[in-house]
1. Using modelled amide H (1.01 Å from N, peptide plane; none on Pro or chain starts), what sits under 5 Å from the amide H of Asp230, excluding residues fewer than 5 places away?
2. Could you calculate the contour length gain from Asp230 to Leu15, that is, 0.36 nm times the residue separation minus the distance between their Cα atoms, to one decimal place in nm?
3. Rounded to the nearest 20 debye, what is the charge dipole size of segment 1-131 about its Cα centre when +1 sits on each Lys and Arg Cβ and -1 on each Asp and Glu Cβ?
4. What percent antiparallel are the DSSP beta bridges of the chain, to the nearest 5?
5. For segment 149-261, give me the percentage of DSSP beta bridges that are antiparallel, rounded to the nearest 5 percent.
6. Just the number, please: percent antiparallel of the DSSP beta bridges in segment 1-148, rounded to the nearest 5.
7. Report the full-extension gain for the segment Gln81 to Phe272: residue separation times 0.36 nm, less the Cα-Cα distance, to one decimal in nm.
8. What FRET efficiency comes out for Glu66 versus Tyr93 if R0 is 25 angstrom and r is the Cβ-Cβ distance? Round to the nearest 0.05.
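Here, each number is a calculation from the coordinates, and none is a lab measurement. Quick caveat: nothing in here was measured; it's all calculated off a predicted structure. For neighbour counting, all protein chains shown are included, and Cβ atoms are generated from backbone atoms with ideal geometry for every residue, glycine included.
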Amino acid sequence: MTQLITKAIVPAAGLGTRLLPATKSQPKEMLPVGRKPILQHVVEELQAAALRQILIITGRRKRVIEDHFDADPQLVAALKQAGNEAMLADLDYIEGRSRFFYTRQSTPKGLGHAVSLGADFVDSDDCVVALGDSLIAAQEPASLLRAMMKAHRQLKAAAIVAVEKVPLEEAFRYGIVSINGAEPPPGEPVVMTDIVEKPPWGTAPTTLAVAARYVFSPAIFEALDRTLPDKRGEIQLTDAIRLLIHKGEPVYAWLLPPGQRRYDVGNFESYFRAFIDFALADERYGYLVRKYIKAKAYEL
Ligand code: G1P
């Protein structure tokens, strides 16, 4: 059995153009979903999965990300003086649970290129990749990565990729995965036979879409080095995974089980959906939101 995985790469360098003007001067990963920025949800999921070293790939105009995960002694002192225990507890995510590392992707050369910037950080270890604009909602969000990492160790996999079923007409927005047989059993590794990034409308081989969480062996970095840019000049992570498959490396898909769901904030529609669902599930304010939405529904 190989070593426990402790490192995660979080790409958060995307320009967020589909969310303008909200993302004019703030990163989309810092938009709130419920009471927390999206990226904090992601980091807390990683911390709960015992990932202690987190490399966030940022870019221009993303400096607030570093501030958010850094201590603020003045703020803490003020909250202590005011006796505001609840708010102090809300800042708990900063304290010592993981070390944060940052690097910048200075040119938008694609998700694969962003991940490749983590090669030296990961070195010869296995690692997790968690997209900074996508949330996993579940009773216990970290249970997905925990299970994927365990399977990765047992199988000595080159990659395990979380997937979810999407409507056929939305398949062109995602990385789409092929397996042997029609329907993979949820919550277990299934051999992946192919993967294609954003297949043109009507050509998707399946409706199994890559769902923003991956576990990799260091073989991914060598594959990324060999990956050619796509038509838009971007290096796709999907294409590197495809190279691994073609090389005969063990690559698996992992269908999210019932009760686990991915949300992305790539556009306003998905962002609003995520916000509403997380606000409804909020342990402090959820009941008020529910009350409001029920009343509001009568007016619609
Ligand atoms: C990225 C990946 C894609 C994946 C999607 C959601 O696309 O390239 O394979 O399905 O995230 O996890 P993006 O949303 O950045 O265009």
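1. Correct list: Ile235, Gln236.
2. Working: separation 215, 0.36 × 215 = 77.40 nm, distance 1.82 nm.
So the chain would gain 75.6 nm between Asp230 and Leu15.
3. In total the dipole reaches around 660 debye.
4. 60
5. 75
6. Working: 2 of 15 bridges.
Antiparallel bridges make up about 15 percent of those DSSP assigns within segment 1-148.
7. Numbers: separation 191, 0.36 × 191 = 68.76 nm, distance 3.63 nm.
Going from the current span to full extension adds 65.1 nm.
8. Calculated value: 0.95.
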